[in-house]
Amino acid sequence: MRCARCTRTGRETVNKIFEVPLYAYEASPDQSAPAPVRHKVIVVGAGPIGLAAAIDLAQQGVEVLVLDDNDKVSFGSRAICFAKRPLEILDRLGCGQPMVDKGVLWNKGKVFFDERQVYEFDLQPDSGDQRPAFINLQQYYFEQFLVDRVRELQEQGAPIEIRGRNKVEAVGTHPDHVKLEVETPEGSYTIEADWVIACDGAGSPMRAMLGKDFVGRVFEDNFLIADVVMEADFPTERWFWFDPPFNRGQSALLHKQPDGVWRIDLQLGWDIDKEREKRPENVIPRLKAMLGEDVQFELEWVSIYTFQCRRMEQFRHGRVIFAGDSAHQVSPFGARGANSGVQDTDNLCWKLKLVIDGKAPETLLDSYDAERIQGADENILNSTRSTDFITPKSAMSRVFRDAVLDLSEHYDFARPLVNSGRLSVPCIYDGSPLNSADALNGPAETRPGAPCPDAPLGDAFLLSKLAGEFTLLTIDADAPDEIEVDGIAVKRLALSVKDDPTQTLKRRYLGDASSAVYLIRPDQHVAARRDTYEENAFRHAVRRVTGKE
Amino acid sequence: MSDLILSPNLTRADDFYADLLAAHEGLEQADSDALNARLVLVLANHIGDNAVLKQALDAAALKQE
């Protein structure tokens, strides 16, 4: 039973979220300092990616300052679908639980073609993981929870600060630092940083100021995105329409968010009048045709977007490193934007920490480029394929698309061909310069380069025990409790297949092998593995994963 | 990896050809195109092997080895 008052409270909370500054402008002593103050790391942009980067660094004791030209959460729901791997990363950052608690979990979906439902699906989540395949959560909540975590870290004395209404106006790059000109309501000031992480979004002013290109494929299409608050009790499912009667020749998507808010995506085509289409008197009839005349709803947010699939040629430019949409942009199908950005920072921050501490050469940061460009290319490939299915580019590709949909109504085999977005899954860094050769006859899903999959270990999950440090994971194998290689400590986590009665640990980490030793990076990716501990091999592996071999 | 069979393999070639034409009989061009597309997908799934399918795509495009 829906409680009208709860929904109302939800709406008021949301309106407040948009209005109240989360990090209001306050004058900083830096603004009146006689000489530019030097910071360790400056993050430009307090969106989901910038905040994740800052939290990650601050948790490792790296002094970090976040600058944002605004002082509030972003307006409208924007990114709404957060996948398992980013949730695991957020767990490491200390804010996964409030996201999962607030988010909407769903497994079921329906696919419609023309006037009929062609099939429905139930994504059985892979058992053995603490986190679901994904949750739906408005970006403003996501940002709010990240800021909450920043405040919590500040109370604990962590070196992290956010400055609202601090807009970077100019960038000067130097061999050993970066200089930023920052505009505030009280005038501009200059500050410096050893390192800058640019997380200022797809339109990245930082990228423009550095004169870096951002080339790729433009898709000639417009999408109307509407958040509606509905009284109707639609099931918590993802509904996707191809060529429905209420949006002929185009597609449509309906997805549930927290607080009784529904995300509606309507493809509009290329030759449209954006301002006209955005007006409520034009939006509402479309939505009524989709939801039914008698359904009561309220429009909360309407926007029209186009998209591109593109990336920067390199993400690292000396001491300025790009992460998230500023570095790569994909179509929204498959939820690969914010999800991949969080994986960027997960990949970058431990490397940056080692470089700052002088425990790894600066060239280690080039592996960020190699690995995350691989990830970006994978996302661009997947989201381009989804786009080509949703919007066929030729008469024959439409014939095949429709053939797939017609067949999917009758035969299971055609359903994997239906592509309304391939859900974001983490990239396996095959061929990364940080990997050591695979020396275990084990499962492919945990080969070097792969992100560690989770496993239940009685009262806790495996990933919670791989918390941001190099780990030597032994399963029914001997090894020293700790090894040190050039000042880098690697602690052992000793497990046995007996620790997991569900056999997930064995299935995912041993396969047919009877024992295994894994070297795991701070970002929970596998660096090396073999059946037993061999001192020399693992010392080499640690040197290799820290960019020294 | 198995190879695409390009030597005669149909046990009753004339019968299959007649069935193929019969399936299209009386159809509008668009419906015929749709039928062909569905047929390709059904057969591709039956074959299942991407390497064989790649060879089939090349053979259909009359690409010489």
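Observations on the structure shown:
- Among the conditions (1) surrounded by fewer than 19 Cβ atoms within 10 Å (Cβ to Cβ); (2) at negative phi; (3) in contact with a helix residue (DSSP H, G or I) (Cβ under 7 Å, 6 or more places away or on another chain), A:LEU146 misses just one, which is (1).
- Residue check for B:ALA44: on the phi < 0 side of the Ramachandran plot, surrounded by 10 or more Cβ atoms within 10 Å (Cβ to Cβ) and away from every other protein chain (no Cβ under 12 Å): no
The rows are residues; the columns are (1) part of a helix (DSSP H, G or I); (2) under 30 Å from A:ASN536 (Cβ atoms); (3) within 14 Å of another protein chain (Cβ to nearest Cβ).
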{"residue": "A:ALA360", "(1), (2), (3)": "no, yes, no"}
{"residue": "A:ASP366", "(1), (2), (3)": "yes, yes, no"}
{"residue": "A:GLU371", "(1), (2), (3)": "yes, yes, no"}
{"residue": "A:GLY375", "(1), (2), (3)": "yes, no, no"}
{"residue": "A:SER397", "(1), (2), (3)": "yes, no, yes"}
{"residue": "A:PHE413", "(1), (2), (3)": "yes, no, yes"}
{"residue": "A:LEU434", "(1), (2), (3)": "no, yes, no"}
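- Scanning the range A:166-203 for residues that are charged (D, E, K, R) and over 21 Å from A:VAL320 (Cα atoms) yields one hit, A:GLU186.
- Strands (runs of 3 or more DSSP E) fully within the range A:108-148 counting 3 or more residues that are at pLDDT 90 or above and outside the structural domain of A:GLY458 (by TED's automatic domain parsing): A:108-113, A:116-122
- Considering (1) touching a residue at least 60 places away in the same chain (Cβ under 8 Å); (2) surrounded by fewer than 22 Cβ atoms within 10 Å (Cβ to Cβ); (3) within 27 Å of A:LYS353 (Cβ to Cβ), the lone condition that A:THR502 does not fulfil carries the number (3).
- Which numbered condition B:LEU27 fails, given (1) within 14 Å of chain A (Cβ to nearest Cβ); (2) surrounded by 10 or more Cβ atoms within 10 Å (Cβ to Cβ); (3) within 16 Å of A:PHE400 (Cβ to Cβ): (3)
- Of everything listed in (1) of a type outside the set (Phe, Trp, Tyr); (2) at pLDDT below 95; (3) within 30 Å of A:ILE80 (Cα to Cα), the single unmet condition for A:ALA455 is (2).
- For the range A:204-212, the condition of being without any contact (Cβ under 8 Å) to a residue 24 or more places away in the chain and more than 24 Å from A:ALA58 (Cα to Cα) holds for at least one residue.
- Entry remark, the range A:415-428: residues being more than 10 Å from every other protein chain (Cβ to nearest Cβ) and outside any loop (DSSP other than H, G, I, E, B) number 1 in total.
- Among the residues of the range A:153-162, just one is farther than 17 Å from A:ALA53 by Cβ and either of a type in the set (D, E, K, R) or touching a Phe, Trp or Tyr at 6+ places or on another chain (Cβ under 6 Å) (or both), namely A:GLU155.
- Enumeration of residues in the range A:110-152 that are without any contact (Cβ under 8 Å) to a residue 24 or more places away in the chain and over 23 Å from A:THR236 (Cβ atoms): A:ARG151
- Selected residue (criterion: farthest from the other protein chains (Cβ to nearest Cβ)) from residues of the range A:377-395 that are closer than 23 Å to A:LEU253 by Cβ and of a type in the set (D, E, K, R): A:GLU378
The values are calculated or read from the model by the stated rules, or taken from the named source; none is laboratory data. In this text, all values refer to a predicted model and were calculated from it rather than measured experimentally. In this analysis, Cβ positions are derived from the backbone assuming ideal geometry, glycine residues included, and neighbour counts consider all displayed protein chains.
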